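One structure is given below, encoded as structure tokens.
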Amino acid sequence: MEKRDFCIECRKETEYVLKKVMCKKWIKDKEYDFEITVAICAECGEEMNIPGLMDRNAQEIDEQYRRMENLVNVSDIEKLMEIYHIGKAPLSLALGFGEITITRYLSGQIPSKEYSDMIKRVLAYPKLMMKMLQENREKVGETAYKKSMKAAKELEVRFRVSDKLLYTISYIYERAGEVTPLALQKILYYIQGIYMTVFDTPL
């Protein structure tokens, strides 16, 4: 599909190509290298301001920053709400956050490392979610408490595994963040291979 837009250098509508480039940005007194997308005029070679490109780059930077700092993303929080059948405000209160904290995160605000780690832990450990619900029962409200506690108990029974396996899952998630099925298959392949080499038996 032909890509065309107005080039301010050429002063006319021209074709352009999208190209990945690296850029440096300072966030919280730390410098990061991000890969962003730019539109290059096919005639003069200058960058062009294409509608929607700034939003796309903002999203790409956000995703890369979260991966670099190992922070949860919006889909993690949505998954948490879904599996525990809990709304934004009750979830915020159950985790000991301010009432609108989860709402802010769903709107794109980046969580602190402390809050991000808490979200990841309750996503991985239904027992911890039950503990947090119990501690903040009065704040959460009885209806939300019962609904979420029921879901957490069902998950805990359904996915009860050994501590060793939980530690392994947590370690992979902590180090790799989001893991695709192919990446997980490769990781497990190496874990099995190394274990068999060291202990002469399948893991």
- How many residues are within 30 Å of LYS139 (Cα to Cα), in a helix (DSSP H, G or I) and open to solvent by 20 Å² or more (accessible area, probe 1.4 Å) when one looks only at segment 64-76? 2
- Subset of segment 89-114 (residues that are crowded, with 17+ Cβ neighbours inside 10 Å and outside any loop (DSSP other than H, G, I, E, B)): ALA89, PRO90, LEU91, SER92, LEU93, ALA94, THR101, ILE102, TYR105
- Among the residues of segment 17-63, which ones are closer than 22 Å to GLY108 by Cβ, surrounded by 14 or more Cβ atoms within 10 Å (Cβ to Cβ) and aliphatic (A, V, I, L, M)? ILE36, ILE50, LEU53, ILE61
- Message: Please determine whether any residue of segment 120-131 is on the phi < 0 side of the Ramachandran plot, over 19 Å from the mean Cα position of the chain (by Cα), surrounded by 13 or more Cβ atoms within 10 Å (Cβ to Cβ) and of a type in the set (Lys, Arg).
- Response: yes
- Query: If you scan segment 1-16, which residues turn out to be more than 28 Å from GLY108 (Cβ to Cβ) and part of a loop (DSSP other than H, G, I, E, B)?
  - Reply: MET1, GLU2, ILE8, GLU9, CYS10, ARG11
- Being under 14 Å from the mean Cα position of the chain (by Cα) and among the charged types (D, E, K, R) is the filter; apply it to segment 87-119 and report the residue that is nearest to GLU69 (Cα to Cα). LYS113
- Message: For segment 149-163, give me each residue that is basic (Lys, Arg) and either at pLDDT 75 or above or in contact with a strand residue (DSSP E or B) (Cβ under 9 Å, 6 or more places away or on another chain) (or both).
- Response: LYS150, LYS153, ARG158
- Pairs, please: C-beta under 8 Å, at least 6 apart or cross-chain, first residue free of Cβ contacts under 8 Å to residues at least 24 places away in the same chain and in a helix (DSSP H, G or I) and in segment 185-203, second of a type in the set (A, V, I, L, M, F, W, C) and open to solvent by less than 80 Å² (accessible area, probe 1.4 Å)? ILE187/ILE172; ILE187/ALA176; ILE187/VAL179
- Item | Residues (in contact with a Phe, Trp or Tyr (Cβ under 9 Å, 6 or more places away or on another chain) and of a type in the set (Val, Ile, Thr)) located in segment 87-116 | THR101, ILE110
- Task: Only residues that are open to solvent by 80 Å² or more (accessible area, probe 1.4 Å) and polar (S, T, N, Q): list them for segment 174-203, please.
- Result: GLN185, THR197
- Message: Looking at (1) surrounded by 14 or more Cβ atoms within 10 Å (Cβ to Cβ); (2) over 19 Å from LEU80 (Cβ atoms), which one does TYR171 not meet, given that it meets all the others?
- Response: (1)
- Query: Has segment 77-86 got at least one residue that is surrounded by fewer than 18 Cβ atoms within 10 Å (Cβ to Cβ) and under 21 Å from GLU60 (Cα atoms)?
  - Reply: yes
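The values are calculated or read from the model by the stated rules, or taken from the named source; none is laboratory data. The structure presented is a predicted model; accordingly, all values stated were derived computationally and were not measured. For neighbour counting, all protein chains shown are included, and Cβ atoms are generated from backbone atoms with ideal geometry for every residue, glycine included. Ligands, DNA and RNA are stripped out before the accessible areas are found, and what is left, the full protein with its side chains, is counted by its heavy atoms. Shrake-Rupley method; radii C 1.70, N 1.55, O 1.52, S 1.80 Å.
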